[in-house]
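Peer 1: I have a structure I would like to understand better, so I am pasting it below and will then ask my questions one at a time.
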Amino acid sequence: MNGALIVTWGSNHPGREGKGLEVFGKALAHFDELAKKGRVHGHKEYITLTGNVDKLAGVMVVEGPVEELLKLQTEEPTRALLIEAASVVRNFTATIASGGDEQSLTKEITLFSKTQQNLGYM
């Protein structure tokens with residue numbers, strides 16, 4: 001099943017702007033290396049152009065097998081990067097989601113529907 005690690009962040013803590021760019025560069029290199037090893041499919045980054053950038057200044061989407069993304073999120077190099085990022089920016093989140101292709105999305109919707117039916121809600 002495919003999915004994504006979706007990382008979002010807001011503005012830098014004042015005085016940590018340089019460190020924020022450094023950590024961002026380390027994250028890019030980390031996920032580039034994981035893609036080269038075939039552990040993730042790839043990653044894309046977005047900088048917000050509208051809205052409240054104090055709350056949401058950017059997004060990183062790392063795509064790959066959900067099982068591998070869950071494993072990566074518990075490995076020390078990734079955990080250290082997440083801690084560093086949370087230390088330099090506001091409103092930091094790291095969320096794993098399933099989907100990204102028809103088969104994975106269908107599997108999740110089927111599980112949701114079956115569970116709702118078992119509860120008597122559908």
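The values are calculated or read from the model by the stated rules, or taken from the named source; none is laboratory data. Keep in mind the model is a prediction, meaning the values are calculated, not measured. Cβ: placed from backbone, ideal geometry, glycine included. Neighbour counts: every protein chain shown. Side chains included, ligands, DNA and RNA excluded: accessible areas come from the protein's heavy atoms. Shrake-Rupley method; radii C 1.70, N 1.55, O 1.52, S 1.80 Å.
Peer 1: Determine the equivalent ellipsoid of the chain by diagonalising the alpha-carbon gyration tensor, then write out the semi-axes as square roots of 5 times the eigenvalues, largest first, rounded to whole Å.
Peer 2: Ellipsoid semi-axes (Å, largest first): 30, 18, 12.
Peer 1: How large is the charge dipole for the chain, taken about the Cα centre, if only the Cβ atoms of Lys, Arg (+1) and Asp, Glu (-1) carry charge, to the nearest 20 debye?
Peer 2: My answer is approximately 180 debye.
Peer 1: With a ≥ b ≥ c the root eigenvalues of the C-alpha gyration tensor of segment 1-57, is it rounded (a/c under 1.5), prolate (a/b larger than b/c) or oblate?
Peer 2: Oblate is the answer for segment 1-57, as a/c is 1.5 or above yet b/c matches or exceeds a/b.
Peer 1: What does the net charge come to around Gly99 if you take all other residues with beta carbon closer than 14 Å to its beta carbon, with K and R at +1 and D and E at -1?
Peer 2: Summing Lys and Arg as +1 and Asp and Glu as -1 gives -3.
Peer 1: For a 32 Å ceiling on Cα separation, which of these pairs sit above it: Lys55/Lys114; Lys19/Lys71; Lys19/Lys107; Lys71/Lys114?
Peer 2: From the list (Lys55/Lys114; Lys19/Lys71; Lys19/Lys107; Lys71/Lys114), the Cα-Cα distance tops 32 Å for Lys55/Lys114; Lys19/Lys107.
Peer 1: Now, a different point. Taking only protein heavy atoms and a 1.4 Å probe, what accessible area per residue, in Å², does segment 26-122 have with all protein chains in place?
Peer 2: So segment 26-122 comes to 66 Å² accessible per residue, rounded to a whole number.
Peer 1: Distance from the Cα centre of segment 26-46 to that of segment 70-89, in angstrom?
Peer 2: Segment 26-46 and segment 70-89 have Cα centres spaced 14 Å from each other.
Peer 1: How tilted is helix 76-88 with respect to the longest principal axis of the chain? Cα atoms for both, answer in degrees (0 to 90, nearest 10).
Peer 2: 60 degrees
Peer 1: Going by alpha carbons, how many degrees (0 to 90, nearest 10) lie between the helix axis of 17-36 and the longest principal axis of the chain?
Peer 2: Compared with the principal axis, the helix lies near 50 degrees.
Peer 1: Which length gain, in nm to one decimal place, applies between Leu70 and Thr106 when the Cα-Cα distance is subtracted from 0.36 nm times their residue separation?
Peer 2: Length gained between Leu70 and Thr106: 11.0 nm.
Peer 1: Rounded, prolate or oblate: which one fits segment 37-100, using the alpha carbon gyration tensor with axes a ≥ b ≥ c (rounded when a/c is under 1.5, else prolate when a/b beats b/c, else oblate)?
Peer 2: Oblate is the answer for segment 37-100, as a/c is 1.5 or above yet b/c matches or exceeds a/b.
Peer 1: Counting only helical runs of four or more DSSP H residues, what would the 222 nm mean residue ellipticity of the chain come to if each run contributes -39,500 (n - 2.57) and the total is spread over all its residues?
Peer 2: Values: 4 runs with 59 residues, N = 122.
The helix-only estimate for the chain comes to -16000 deg cm²/dmol at 222 nm.
Peer 1: Contour minus end-to-end for Asn91 and His13, with contour as 0.36 nm per residue of separation and end-to-end as the Cα-Cα distance?
Peer 2: 27.1 nm
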